[in-house]
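A short worksheet on the structure shown next.
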Amino acid sequence: MSVHDAIPMPEQRGGLSLRKRRLIIHASIFLGLIALWEICSRLGWLDPLFYPRPSSILHSFWLIYFQNANVWYHLYTTMVLVLAGFIGGSILGIGLGALVGFNAVIRRFLKPYVIVLEATPRIAVAPLLIAALGFGASSKIAIIVLVCFFAPFINTLSGVVNVNEERLELFRSLGASKMQTLRKLVLPDAVPVIMAGERLALTAALSGALVAEFIQRDKGIGSLILVYSRNLNMASAFACIFTLTILGFLIFRGMEWLDHRIAYWKNEAGMERVAAKRAAQMGDLNV
Amino acid sequence: MSDVSSPKAPGTADHLMFRILPHLVLFAVLLLIWEMAVRTGIITSIIIPAPSKIIGAIWELYVTKGTIYRHFFITFTEAVVGFAIGAGVAVTLAVCSALWDPFKRYVSPYAIVLNVTPGIALTPIIIAWFGYGMGSKIALAAVISFFPIFVNTLTGLIQRDEDREELFRSIGATDAQIFRKLRVPAALPLLFAGLKIGLTTALIGAVVAEFAQATDGVGVLMSRFSFQLNMAASLATLLSMTVIGLILFYSMEFLDDRIVFWRRESRGAAASRAKARAWKSRMGQ
């Protein structure tokens with residue numbers, strides 16, 4: 001028992017639940033910080049040229065989303081690149097990971113290269129790829145593929161290799177075929193690990209796209225941020241950054257949802273959902 | 001005891017040779033195929049230079065001209081200083097959050113916001129704030145290495161082993177003692193895992209900031225060579241980044257081994273032998 005459980009917390013006070021009160025505190029801290037920022041800026045303690053006011057960031061949101069509406073095109077360009085690179089990198093990573101995971105000889109000889117690759121900052125290859133493949137979408141996608149290839153690769157590899165020995169023994173003694181062992185033993189344990197790798201990969205893909213755009217400086221949200229901060233239009237640059245924050249949050253939530261859907265056996269609700277579905281199917285058969 | 005502790009059993013060297021030899025042979029064969037492919041023109045040498053060219057570039061960069069060293073140390077310093085700042089802030093905030101619940105509750109949303117924002121997106125803004133010199137690289141390295149360290153430290157500190165805590169309380173340990181003797185040691189392995197990730201990210205931060213705008217550093221050297229289409233030199237520079245990455249990673253691994261000694265059996269045995277020696281000498285006095 002921890003201390004917090006031992007001390008009874010007052011659940012109700014002034015007609016507000018604990019949850020609501022906490023939300024109010026959160027909101028007031030947030031608003032207080034924003035107000036402090038705005039006031040510091042107005043009083044001249046923070047140079048608005050470098051540290052834009054909250055009000056001017058809000059105004060920039062209005063500008064880039066509605067009045068000029070220039071952010072949509074760049075956002076769209078970046079997202080297409082991210083998705084293309086992510087899908088390519090995932091397929092490559094999971095495929096190679098499985099290939100290497102199931103083959104002990106390849107694994108042994110590939111290990112030193114993997115260690116070296118892991119230590120290299122992979123984003124650093126960006127200028128090389130741009131020089132080799134030229135400016136444009138192809139080199140950007142190549143960078144993203146390279147950046148997000150690694151996490152699914154390593155996770156697939158470890159998911160496939162780290163099989164529970166005792167269960168494997170049981171499967172063997174029951175005379176399970178290779179296919180059965182794969183489907184009923186290896187995959188159920190490996191898929192959550194692979195999904196964790198995919199999450200990392202999607203985040204890395206977004207970073208990779210940004211770096212590629214910083215270097216190429218033609219289009220996309222990364223080059224938009226670069227141009228805005230070069231022009232010291234910091235408010236618009238911040239509006240772009242907060243856009244990426246929202247995007248990152250959506251990506252996080254989306255991947256979580258996908259994870260729950262695909263690896264349903266890892267959570268209670270998913271199990272219930274699938275069980276209900278199967279029960280319904282069985283019911284159909286009986287009728 | 002003694003035969004377990006002696007690390008060099010007879011024949012270890014031979015085993016090592018036998019283990020490494022196939023790898024070396026494979027590596028040599030791969031290089032040979034690559035070289036042949038470039039020489040016969042199957043691979044365009046502008047895009048992928050021959051290994052001999054790369055070795056020549058390495059020789060030039062590292063030995064005859066020695067241009068790499070200055071840039072190497074600049075990037076190395078940026079990554080390490082940035083990492084130190086990021087790790088310091090992250091560990092401090094994580095300890096405060098673990099010790100004081102309201103702090104955790106009202107700080108964590110901002111940490112999450114920082115996490116879902118791709119830190120690299122801040123590069124141009126940080127350059128506008130901190131200038132073209134080393135400052136901006138250090139700042140970016142600190143910002144993007146912050147989160148993995150913070151989250152790992154916090155997770156490590158708030159995980160509770162109820163049974164052990166019960167034991168500690170029943171023998172009258174104070175809160176401070178529980179924190180120092182139970183929660184910190186339990187958190188250290190996770191903390192080190194976070195530090196390792198953070199160190200790698202700090203290097204990425206330093207290099208990316210150099211790509212965006214800088215005058216010195218491995219990143220600048222690399223993009224300069226790439227845009228001159230001097231791929232061999234560019235790859236030779238990339239190698240230096242790998243070397244930085246390896247140095248950083250293995251020094252952290254070494255610290256991990258020494259500080260979290262109880263996780264490794266051999267280190268645990270060494271530590272207990274040292275303690276036994278200390279006890280014996282104290283008894284002797």
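We did not get these values from a lab; they are worked out from the coordinates using the rules stated. This one's a predicted model, so the numbers in the text were calculated from it and none came from an experiment. Cβ atoms come from the backbone with ideal geometry, glycine included; neighbour counts cover every protein chain shown.
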Which value, in nm² and rounded to one decimal, describes the direction-averaged projected area of the C-alpha convex hull of the protein assembly as shown? 39.4
Multiply the residue gap between residue B:70 and residue B:272 by 0.36 nm, knock off their C-alpha separation, and tell me the result in nm, one decimal place. 68.4 nm
About its Cα centre, the protein assembly as shown carries a charge dipole, from +1 on Lys and Arg Cβ atoms and -1 on Asp and Glu Cβ atoms, whose size in debye to the nearest 20 is 500
Label-to-label distance, nm, for residues given as residue B:21 and residue A:35 (7 Å Cα→Cβ offset): 7.8
Using a Gaussian network model of chain B whose springs link C-alpha atoms within less than 10 Å, name the residue from B:122, B:30, B:238 with the highest mean-square fluctuation. B:30
Once residue B:44 and residue B:60 are pulled to full extension, the length gained, defined as 0.36 nm per residue separation minus their Cα-Cα distance, is 3.5 nm
Name all residues of segment B:116-145 having a backbone nitrogen under 16 Å from the label point set 7 Å from the Cα of residue B:155 along its Cα→Cβ direction, giving them as ranges. B:116
So what's the Cα pair-distance distribution over segment B:34-73, bin width 5 Å, in %? 6, 24, 22, 15, 14, 12, 6, 1
Mean other chain Cβ within 10 Å across B:245-254 is 2
Work from the charge dipole of chain B (Cβ charges, +1 for Lys and Arg, -1 for Asp and Glu, about the Cα centre) and give the residue of B:76, B:28, B:47 farthest towards its positive end. B:76
Where does helix B:12-39 land angle-wise versus the long Cα axis of chain B, in degrees 0 to 90, nearest 10? 30
Extension gain, residue B:92 back to residue B:251 (0.36 nm per residue minus Cα-Cα distance, nm): 55.0 nm
Can you give the mean number of other chain Cβ atoms that lie within 10 Å of the Cβ atoms in peptide B:216-226? 3
So if we plug the beta-carbon distance of residue A:275 and residue A:165 into 1/(1 + (r/R0)^6) with R0 = 22 Å, what FRET efficiency do we get, rounded to 0.05? 0.15
To the nearest 0.05, the calculated FRET efficiency linking residue B:227 and residue A:24 through their beta-carbon distance, R0 being 60 Å, is 0.65
Go ahead and run the numbers for FRET between residue B:36 and residue A:79, Cβ-Cβ distance against an R0 of 56 Å, rounding to 0.05. 0.85
In a GNM of chain B with a 10 Å cut-off on Cα contacts, which of B:142, B:186, B:79 has the highest mean-square fluctuation? B:186
Using Cα atoms only, what is the angle between the long axis of helix B:68-99 and the major principal axis of chain B, expressed in degrees (0 to 90) to the nearest 10? 30
Roughly how big is segment A:137-285's charge dipole about its Cα centre, with Cβ charges of +1 (Lys, Arg) and -1 (Asp, Glu), in debye to the nearest 20? 280
Residue by residue through B:233-242, how many Cβ atoms from other chains fall within 10 Å of the Cβ on average? 3
Expressed as a rounded percentage, what relative contact order does chain B have, with Cα pairs under 8 Å and six or more residues apart? 22
Do the sum for the protein assembly as shown: with -39,500 (n - 2.57) for every DSSP H run of n ≥ 4, divided by all residues, what is the mean residue ellipticity at 222 nm, to the nearest 500 deg cm²/dmol? -26000 deg cm²/dmol
Counting alpha carbon pairs within less than 8 Å and at least 6 residues apart, what relative contact order, in whole percent, applies to chain A? 21
Most fluctuating residue given options A:39, A:215, A:25, as computed from a GNM of chain A linking Cα atoms under 10 Å: A:25
Over 31 Å between Cα atoms, which of A:178/B:196; B:104/B:181; A:111/B:275; B:65/B:137; A:111/B:65; A:140/B:65 qualify? A:178/B:196; A:111/B:275; A:111/B:65; A:140/B:65
